[in-house]
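So the structure is just underneath, and the comments pick up after that.
Each value in this text was obtained by applying a stated rule to the coordinates, not by laboratory testing. Bear in mind that the values here come from a model prediction, so they are computed numbers and not experimental data. Please note: Cβ atoms are built from the backbone with ideal geometry, for glycine as well, and neighbour counts cover all protein chains shown.
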Amino acid sequence: MVNPVEAETTGTRFTGSDPSEDRTSDALAQALALHGAGTLQLPIRATFPLAEAAAAQDLSEQGRGRGKIVLTV
């Protein structure tokens with residue numbers, strides 16, 4: 001998350017939606033409701049042990065395929 005007030009104090013320019021609009025909370029509430037209803041699906045494309053993180057990154061950079069890439073610890 002970006003804090004626009006902190007961005008200003010560090011000389012960083014904040015761009016994006018109006019910080020007074022809390023769309024993030026609304027989106028999170030909607031995602032939680034979908035999860036609770038069992039309708040939120042996050043397909044897993046591949047799972048790698050942490051020791052194979054480089055291979056996971058390579059797969060991610062290919063930009064093909066659908067689903068999340070999961071690292072297990």
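Tabulated data
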{"read-out": "For segment 27-72: relative contact order, % (alpha-carbon pairs under 8 angstrom, 6 or more apart)", "value": "43 percent"}
{"read-out": "Ordering of 56-62, 24-30 by packing [mean C-beta count within 10 Å, highest first]", "value": "56-62, 24-30"}
